[in-house]
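Below is one structure, written out as structure tokens; the observations come after it.
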Amino acid sequence: MGRAIRLYNEHIEVRLTEEEQHEASRAAWQRHYSHRDRGRLDTKTRASDDGRLLDLRGALAEQAVAIALGVAWDGKFKPMREWELWRRAGHDVSGIEVKSTKGRNNCLILHKHSPSKLPAVLAIIESKDLVTLVGWCFTYEGQKDEYWRTDIPSACYMVPQRDLKPMSELCRLLGLEPPAREPEVTDEELEQLLR
């Protein structure tokens, strides 16, 4: 199976190859065991039934963002010491924060300590090989009082998808061509296709 990237309704869908999935998996396990062995599991990992799955989701999302934007993925499998230095730099993919979720309607989650001038992308993990990049904002745009939530176990900023900018805008900001847009299908064409 080859890689497929497409722009659809201002979202970017990235289909990961098996090799890319394995690469993300190796990076995820390395991250998880690094934190576990050093006793540094964070709140979301401690609260999770399986923190390794959160790390895998994050690595798949980062891999998809790097592919979609045609930039290097800094989180690839590296010696432990290098990986920890990279992580302290405070970004996931070439100066872009990547936030992953498995829920179609979930928000972009930011924290008070998130670097304020970086773009943050929300990636939905549809399956192990399909990631949808639904939108983005600069972190300072999402760190507004109106998005601050304290009614959840770990207080954070939650930016609704409707308030995110389209992915094509991030591509243009970075001087990149957005992926080819899927052709629009009319209701009549859709009805004919479904017959």
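None of the figures in this text is laboratory data; all of them are computed from the coordinates on show. Remember, predicted model here, so these are calculated numbers, not experimental data. Quick reminder, even Gly has a Cβ in these numbers, built from the backbone with ideal geometry, and neighbours come from all protein chains shown.
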Karplus ³J(HN,Hα) for the range 15-28 (6.51 cos²θ - 1.76 cosθ + 1.60, θ = phi - 60°; Hz, whole; x = Gly/Pro) runs 9, 8, 6, 4, 4, 5, 5, 5, 4, 5, 4, 4, 5, 5
Under-5 Å amide H pairs with V121, H placed in peptide plane, nonlocal only: E97, V98, K99
Residue by residue, what Karplus-based ³J(HN,Hα) values in Hz, rounded to whole numbers, does the range 124-133 have, using 6.51, -1.76 and 1.60 with θ = phi - 60° and x for Gly and Pro? 9, 7, 6, 7, 5, 10, 10, 10, 10, 8
Going from the fewest other Cβ atoms within 10 Å to the most, one would list E169, E62 as E169, E62
From phi via Karplus (6.51, -1.76, 1.60), per-residue ³J(HN,Hα) for the range 54-62 in Hz, x at Gly/Pro: 5, 5, 5, 4, x, 5, 4, 5, 4
